[in-house]
Amino acid sequence: GAGKTNVALMCMLREIGKHINMDGTINVDDFKIIYIAPMRSLVQEMVGSFGKRLATYGITVAELTGDHQLCKEEISA
């Protein structure tokens, strides 16, 4: 591949870095990051990839497509 996923992840990490407290914790309630993909299969792949990589930081990755709905609480989380 051309590294598009890694570039997207680097952009996410840059935004996450803006919300790090002095004690190293992350204010996960202060931001949302949206990744848009053209195909459901790619969305599922990215959710798995980003979910594994960002879990270390306590970041939750969720899928939202026409086939998969989230409730207001899940979107707000």
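Please treat every number below as a calculation from the coordinates, not as lab data. All values reported here derive from a predicted model rather than from experimental measurement. So basically every Cβ, Gly included, is an ideal-geometry build from the backbone, and we count neighbours across all protein chains shown.
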| message | Condition first: hydroxyl-bearing (Ser, Thr, Tyr) and surrounded by 12 or more Cβ atoms within 10 Å (Cβ to Cβ). Now tell me which residues in the stretch 1-27 satisfy that. | response | Thr5
| note | For the stretch 36-51, pairs from a residue that is more than 14 Å from Asp67 (Cα to Cα) to a residue that is acidic (Asp, Glu) and surrounded by 13 or more Cβ atoms within 10 Å (Cβ to Cβ), with Cβ under 6 Å and 6 or more apart or across chains, are Val47/Glu63
| Residues of the stretch 26-65 being more than 19 Å from Ser76 (Cβ to Cβ) and touching a Gly at 6+ places or on another chain (Cβ under 9 Å), which ones? | Arg40
| So which residues in the stretch 52-64 are without any contact (Cβ under 8 Å) to a residue 40 or more places away in the chain and either farther than 20 Å from Gly1 by Cα or surrounded by 15 or more Cβ atoms within 10 Å (Cβ to Cβ) (or both), if there are any at all? | Ala55, Thr56, Gly58, Thr60, Val61, Ala62, Glu63, Leu64
| message | Six or more apart or on different chains, Cβ atoms under 9 Å: show the pairs whose first residue is in the stretch 1-17 and more than 17 Å from Pro38 (Cα to Cα) and whose second is in a helix (DSSP H, G or I) and of a type in the set (Gly, Ala, Ser). | response | Leu9/Ser49
